[in-house]
1. Rg to Rh ratio, region 350-505, alpha-carbon atoms and Kirkwood radius?
2. Give me a comma-separated list of calculated 3J(HN,Hα) values for region 23-28, in order, Karplus coefficients 6.51, -1.76, 1.60 applied at θ = phi - 60°, integers in Hz, x for any Gly or Pro.
3. Hey, what do the phi angles of region 390-395 turn into as Karplus ³J(HN,Hα) couplings, whole Hz, using 6.51/-1.76/1.60 and θ = phi - 60°, x for Gly and Pro?
4. Quick one: if the Förster radius is 30 Å, what FRET efficiency do GLN418 and SER183 give, using the C-beta to C-beta distance and rounding to 0.05?
5. Tell me the mean residue ellipticity at 222 nm calculated for the chain from its helices only (DSSP H runs of n ≥ 4, each -39500 (n - 2.57), averaged over every residue, nearest 500).
6. With a 1.4 Å probe and all protein chains left in place, how much of the accessible area of region 9-502 comes from carbon and sulfur atoms, in whole percent?
7. From the mean inverse distance of alpha carbon pairs (Kirkwood) and the Cα radius of gyration, derive Rg over Rh for the chain.
8. For LYS42, LYS402, LYS271, LYS472, what's the largest-to-smallest order of accessible area, 1.4 Å probe?
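The values are calculated or read from the model by the stated rules, or taken from the named source; none is laboratory data. All values reported here derive from a predicted model rather than from experimental measurement. Positions of Cβ are generated from backbone atoms using ideal geometry, with glycine treated the same way; all protein chains shown enter the neighbour counts. Note: areas computed on protein heavy atoms with side chains; ligands, DNA, RNA excluded. Shrake-Rupley method; radii C 1.70, N 1.55, O 1.52, S 1.80 Å.
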Amino acid sequence: GQLPTWLQGILLRNGPGMHTIGDSKYNHWFDGLALLHSFTFKNGEVYYRSKYLRSDTYNCNIEANRIVVSEFGTMAYPDPCKNIFAKAFSYLSHTIPEFTDNCLINIMKAGDDFYATGETNFIRKINPQTLETLEKVDYNKYVAVNLATSHPHYDSDGNVLNMGTSIVDKGKTKYVLFKIPSSVPKQEKKKSCFKHLEVVCSIPSHSLLHPSYYHSFGLTENYIIFIEQPFRLDIVKMATAYIRGVNWASCLAYNKDDKTWFHFIDRKTKKEVSTKFYTDALVFFHHINAYEEDGHIIFDLIGYTDNSLYDMFYLKNLGKDFEENSKLTSIPTCKRFVVPLQYDKDAEVGSNLVRLASTATAVKEKDGNIYCQPEILCEGIELPRINYDYNGKKYKYVFATKVQWSPVPTQIAKFNTQTKEMLHWGEDHCWPSEPVFVPNPDAKEEDDGVVLTCVVKSDPKEAPFLLVLDAKTFTELGRATVNVEMHMDLHGMFIPEQVVKTETE
């Protein structure tokens, strides 16, 4: 096919790539050693490369020829030949675990640099052109967090906003929102932007020993949205997991009878909105977008009624009959919540406070809390992306993978949140990855651009390819077939040519 002449830059992707080291195997697909891959678009041609992230975790494992660093779903143990004192000591040192730097989930831009990210306090700087692994950054040196999301947000000035969980900081478990500036003062050119990291605010956890797990958060023009879901980490279990011989994933529990709390932080005052808003128990990983309208906050996310998704990806469940055997017990549902920040304080108990045209409700209760129920926009989509120029603003389009009851996507979808129309792209035995929208530099409309996705064939003998779709019509513009073994990945980003001057091929 033909690629648009304006499409110049690098699509960077990240995901688990190696699951066996020597005789040892990871238990979970999300534990595999990070594999970076990139597609460079240059004058209508596409160049592919891939490289394992040379993390400390990777180096230690390869050197030992077995898994020696624990991941979320796989606990690793020291060499049993070592003497008993060394063994006792390593049990103690695992109480607050030294987490892995196997950053396999996403790519983040901070300042002029790019980082591979996971969900621990470590990120790894990478060279986006060569995929070389550079220095390791420990968030903990700049802000007291043990875990951080790999879905940061970027404001209009290019600053990074992210959230992390601070475990047992003087007995106060809390969620910390922090900002990494896009540039440092001129006189400090040598210093990294992390030295100027600032804490925006912190939110105490509803339960000190059971902080909520979260994978992303929401942003509007004036507010940050954090959702505290009843899918929680048990800190005491986590501290003793190593001694008990279980993985950290077993320390996550979902309580379906619990509430899901919404927190809204005013970006100017850095204070939380005092009204308590909540909904029923849900599990979710991905926010789609959020915006404000007429005194309301509207936010869209993809929710589940249980936590079966994580369990699906244990490697023992990903066998040859995977397509037949793996059925999610809860289908991903695109939910829209409409939260009235400004409402009549004298409204009657039991009345719906939503004044916008939506089936979503927000009902005042006699204790003053407000119980929210969502509007269901659609079902069966995951890994949502938008035109990021519309992040925090009223928007129409979601680009996503289409999953039915299986966690592995079989199609790419474009969903119109206003008309509820959906367009699809799919071919037999094709597993596409998260679609990335790249806007046309001269775009006048939200969907003027292309959608990029890497497609893996379910038959490993068939070559994978990069697919380029016209974002408006969802017709195929072209594909670049890559004659290598390509892995299904998780997330990534497109870096326009002017942001990173591609090296001469």
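1. Working: Rg = 19.1 Å, Rh = 17.8 Å.
In region 350-505, Rg relative to Rh is 1.07.
2. 8, 9, 10, 6, 7, 10
3. For region 390-395, the Karplus curve yields 9, 5, x, 10, 4, 9 Hz.
4. On the way: r = 37 Å, r/R0 = 1.24.
It comes out at approximately 0.20.
5. Values: 5 runs with 38 residues, N = 505.
Helix-only estimate at 222 nm: -2000 deg cm²/dmol.
6. Working: 10980 of 21480 Å².
Within region 9-502, the accessible surface is 51 percent carbon and sulfur.
7. On the way: Rg = 22.6 Å, Rh = 23.8 Å.
Over the Cα atoms of the chain, Rg/Rh equals 0.95.
8. On the way: LYS42 50, LYS402 30, LYS271 135, LYS472 80 Å².
Largest to smallest exposure gives the sequence LYS271, LYS472, LYS42, LYS402.
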